Structures are given as structure tokens and as C-alpha cells.
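Colleague: Could you have a look at this structure, given as C-alpha cells, before my questions?
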Amino acid sequence: MSASNNMSNDQVDDQKKDTSEKEQSASVKKYACFVAGEPPTKELIKNYGDYGDMLINFLKEDEKNEEWLRFDVRKDEFPTESQLKEISGIAITGSASDAHSNEPWVGLSNTTI
């Protein structure tokens, strides 16, 4: 085989690899977890993590190719517009606040959803 054929085969292999990586990343479902509260005791946090950890661990399916993005909405952390376009769903943790609260993060959460 000539060097040009080997190079061509290498290029084909690289294209297959690139295509496979793109297909894998395209098949990743992204979800957002809006952390809106925290457990009432430090012992719960120590044993199970915060509400975001608990909710993600409860909902995440290990055999599925998914990625969870965490946003602490109480600290004005929200997904960007480009992230929102990629997100398949949003899960919101429990909170002491309700959907009609005057806290700024509540209004921003409602707007984002």
C-alpha cells in the first residue's frame, strides 16, 4: 500500500471516530436541577447531600446517557439561553417558599420555566 492509501485509511478512521463521538454527545440528554431549598438538618446533608443531590440521585437512570446540570436558584444561578435549548427537562427541589413568593429567585424561576 502506498502512503496516500494509509493516510486515506487513517482519515476514514478519524472521521468514524468523530462521527461516533458526535453521535454519543448528541444522544446525551441534559436535565436541569433547580436547587430551591435545603434539608432541615446538617445530619441529612451529611448522609444524603443537599436537596439537589437527593433529587438527582432519585431521578437519574444509570443505564441512560444523561447529564444533570445544577443551578442554585436562590443564588440567581439559572441556565443560559443556549443551555435551555439543550435541556430536556427541569426538576425543582423542595423549598420553604411557594410559587407566589416575593423572593426574586421565585419570579426568575417562573420566567425560566
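Residue by residue, here is whether (1) loosely packed, with under 14 Cβ neighbours inside 10 Å; (2) outside any strand (DSSP E or B); (3) modelled with pLDDT under 90 holds:
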| site | (1), (2), (3) |
| --- | --- |
| MET1 | yes, yes, yes |
| ASN9 | yes, yes, yes |
| LYS17 | yes, yes, yes |
| GLU21 | yes, yes, yes |
| GLU38 | no, yes, yes |
| GLY52 | no, yes, no |
| LEU55 | no, yes, no |
| LYS85 | yes, yes, no |
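Colleague: Tally the residues that are aliphatic (A, V, I, L, M) and either exposed (fewer than 14 other Cβ atoms within 10 Å of the Cβ) or out of contact with any strand residue (DSSP E or B) (no Cβ under 9 Å at 6 or more places or on another chain) (or both), restricting the search to the range 58-83.
Modeller: The qualifying residues number 1.
Colleague: Further question on the same structure: Where the second residue is assigned to a loop (DSSP other than H, G, I, E, B) and surrounded by 14 or more Cβ atoms within 10 Å (Cβ to Cβ) and the first is without any contact (Cβ under 8 Å) to a residue 12 or more places away in the chain and lies in the range 37-51, which pairs have Cβ atoms under 6 Å and are six or more apart or on separate chains?
Modeller: ILE45/PRO39
Colleague: If you check GLU61 against the conditions, is it assigned to a loop (DSSP other than H, G, I, E, B) and out of contact with any helix residue (DSSP H, G or I) (no Cβ under 6 Å at 6 or more places or on another chain)?
Modeller: yes
The values are calculated or read from the model by the stated rules, or taken from the named source; none is laboratory data. Fair warning: this is a prediction, and the values are worked out from it, not measured in the lab. Neighbour counts are summed over all protein chains in view; Cβ atoms, including those assigned to glycine, are modelled from backbone coordinates with ideal geometry.
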